[in-house]
Amino acid sequence: ILSNRLAQVASFVPEQARLADIGSDHAYLPVYLVATGKISYAIAGEVAPGPLKAAIAQIKKYGYTGKIIPRLADGLAAIQPEDRIDTITIAGMGGLLTSDILTNGQADGFLSTRERLILQPNNHEQELRHWLTRNHYKIYDEQLVKDQGKFYEIIVADYQKSDSYTMKELYFGPILMQKKSSIFQEKWQKELQTKQKILNNLQKAYERPEAKIAEINKEVAWIKEVLA
Ligand code: SAM
């Protein structure tokens with residue numbers, strides 16, 4: 001029942017983790033993890049009443065009341081100290097919203113330095129990696145998933161003196177560009193074609209946006225290098 005995308009996110013959750021799944025929607029991820037016996041305690045955090053209702057219904061249906069706790073809250077405010085959360089998943093949202101949730105959680109004291117972060121942004125992955133390095137998180141694993149024709153990046157990070165990453169590593173993912181899986185090559189071949197089309201169009205424009213063209217040219221050069 002779980003999408004390949006969420007199944008891959010689940011694979012990074014440690015055995016017997018105490019999980020906070022933020023933006024849980026139907027609570028599919030924690031329900032799956034409890035059903036498979038990998039974990040026995042999770043918070044399903046939701047900011048919107050509709051998805052929270054769906055989560056509550058799902059938890060009841062599976063009989064996981066008391067194991068998965070639904071909470072209406074903005075971001076990491078769903079986490080309470082007694083939960084002793086050690087793993088946080090934030091999946092299926094934009095990378096900027098994901099980093100805002102982390103920033104606010106830090107400022108309001110809901111994020112300590114102990115939790116493992118498992119993030120699956122739908123876009124702006126580069127900016128999210130930048131947030132992680134600025135905030136002393138080390139990216140220790142990454143995975144690129146293809147699900148229904150779309151590519152998704154999963155980034156796993158722990159709080160510890162972070163490595164310093166180059167702009168190129170933030171762009172491709174330091175581990176993804178090392179692994180260079182066939183899905184990675186497929187994704188960036190596709191991106192390369194898209195960028196070359198955009199460049200063609202921009203170059204024909206009446207007022208050529210030189211800065212934008214230079215930016216895309218740089219990315220095209222990076223992609224060619226990484227695929228070489
Ligand atoms: N995590 C699930 C997944 O990956 O399939 C659901 C993703 S769904 C597209 C995003 C969910 O995040 C929505 O249900 C939305 O209400 C919730 N959300 C958005 N901003 C949030 C926030 N600040 N705090 C908690 N939940 C939030």
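Derivation of every value follows stated rules applied to the coordinates shown; laboratory data play no part. Note that the structure is predicted; figures quoted are calculated from it, not measured. With ideal geometry, Cβ positions are generated from the backbone for all residues, glycine too; neighbour counts draw on all protein chains shown.
Once the Cα atoms of helix 182-204 and of the chain are each reduced to a long axis, what angle between those two axes, in degrees from 0 to 90 to the nearest 10, is obtained?
50 degrees
Mind grabbing the base-10 log of I(q)/I(0) for segment 78-192 at q = 0.10, 0.12, 0.22 Å⁻¹? Debye formula, identical points on the C-alpha positions, no solvent, two decimal places.
Rounded to two decimals, the profile gives -0.29, -0.42, -1.28.
Does anyone have the angle between helix 210-227 and the longest principal axis of the chain? Alpha-carbon axes, 0 to 90°, nearest 10?
The angle comes out at about 70 degrees.
Please give every one of the lysines within straight-line cross-link reach of LYS195, meaning a C-alpha to C-alpha distance under 18 Å, and leave out same-chain neighbours fewer than 8 residues apart.
Hits, sequence-local ones excluded: LYS150, LYS168, LYS187, LYS204, LYS212, LYS218, LYS224.
Could you compute how fast segment 129-228 diffuses translationally, taking Rh as the Kirkwood radius over C-alpha pairs and applying Stokes-Einstein at 25 °C with viscosity 0.890 mPa s? Give it in µm² per second. If you can, show how the numbers build up before the last one.
Details: Rh = 15.0 Å.
Once the numbers are plugged in, D ends up at 164 µm²/s.
Please give the Cα centre distance for segment 153-197 versus segment 1-62, rounded to the nearest Å.
Between the Cα centre of segment 153-197 and that of segment 1-62, the gap is 27 Å.
What do you get for the angle between helix 95-107 and the principal long axis of the chain? Use alpha-carbon atoms, 0 to 90 degrees, nearest ten.
50 degrees
Of all the Cα-Cα pairs you can form in segment 47-104, what percent are over 15 Å apart?
Looking at segment 47-104, the distances longer than 15 Å represent 58 percent of pairs.
Given 20 °C and 1.002 mPa s, compute D for segment 4-179 with the Stokes-Einstein relation, Rh being the Kirkwood radius over Cα pairs; round to the nearest whole µm²/s.
133 µm²/s
Please state the shape class of segment 1-47: rounded when a/c is under 1.5, otherwise prolate if a/b exceeds b/c and oblate if not, all from the C-alpha gyration tensor. Kindly include the intermediate steps, with their values, before the conclusion.
Numbers: a/c = 1.62, a/b = 1.09, b/c = 1.48.
It comes out oblate by the Cα gyration axes.
Taking every DSSP beta bridge that has both residues in the chain, what percent is antiparallel when rounded to the nearest 5? Could you put the intermediate results ahead of the total?
Details: 13 of 34 bridges.
Expressed as a percentage, antiparallel bridges in the chain total about 40.
Would you please state which residues of segment 98-120 a label at PHE151 would reach in this model, taking the label point 7 Å out along Cα→Cβ and a backbone N cut-off of under 19 Å?
Residues 119-120 qualify, since their backbone N sits under 19 Å from the label point.
With n ≥ 4 as the cut-off for DSSP H runs, can you work out [θ] at 222 nm for the chain, using -39500 (n - 2.57) per run divided by the number of residues, rounded to the nearest 500?
Values: 9 runs with 104 residues, N = 228.
Mean residue ellipticity, 222 nm, calculated: -14000 deg cm²/dmol.
Find the all-direction average of the projected area of the Cα convex hull for segment 184-227, expressing the result in square nanometres with one decimal place.
On the way: hull surface 10.8 nm².
Across all orientations, segment 184-227 yields a mean hull projection of 2.7 nm².
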